[in-house]
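Right, one structure below, let's go through it.
The values are calculated or read from the model by the stated rules, or taken from the named source; none is laboratory data. Note that the structure is a prediction, hence the values are computed from the model and not measured. Because the Cβ atoms are built from the backbone with ideal geometry, glycine has one as well, and the counts that use them run over all protein chains shown. Calculation scope for accessible area: heavy atoms of the full protein, side chains included, ligands and nucleic acids excluded. Shrake-Rupley method; radii C 1.70, N 1.55, O 1.52, S 1.80 Å.
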Amino acid sequence: MKTAVKKIRTSKTSPTGWPTEKEWKEVEKRLSRSKPSKVLPHNASPVDQTKQELCSHFVRYCLNEQISQRELAKILGVAESRVSEITHYHHERFTIDKLMQLLNIIKPKLKMKVA
């Protein structure tokens, strides 16, 4: 018994509004140079979960204020590499106290509850 093989038709041109091949290559190039964000495992400790939540405040701050990591580093008075670690959730080198101290600079009225 012979099985039928369906041919998939593809278009040589991108749909309207999609990036061009050149734009895709540029995005891939930029992404290959950037640090990936870290994802917490399901069994992460409460400390890591707290650090992750604190880091998310820095990410949201950059997005809301439309500032770069470089600008945030200047505001916080730390190296750009440290801000990159925070905004990509690589928080192993930080204590909760240090993250809270830095967060207090950009969000002095933020209240945190510990349950």
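Scanning the range 65-75 for residues that are farther than 15 Å from Phe94 by Cβ and loosely packed, with under 10 Cβ neighbours inside 10 Å turns up at least one hit. If you go through the range 15-50 and keep only what is open to solvent by 100 Å² or more (accessible area, probe 1.4 Å) and either under 18 Å from Ser84 (Cβ atoms) or among the β-branched types (Val, Ile, Thr) (or both), you end up with Thr16, Arg30, Leu31, Arg33, Val39.
Per the listing Trp24, Trp18, the residue uniquely on the phi < 0 side of the Ramachandran plot, modelled with pLDDT under 90 and assigned to a helix (DSSP H, G or I) is Trp24. Selection within the range 67-111: residues that are in a loop (DSSP other than H, G, I, E, B) and touching a residue at least 40 places away in the same chain (Cβ under 8 Å). The member of this set that is farthest from Ser34 (Cα to Cα) is Leu110. Return the residues of the range 85-96 that are open to solvent by 20 Å² or more (accessible area, probe 1.4 Å), among the hydroxyl-bearing types (Ser, Thr, Tyr) and touching a helix residue (DSSP H, G or I) at 6+ places or on another chain (Cβ under 8 Å); say none if nothing qualifies. Listed by number, the list holds a single entry, Tyr89.
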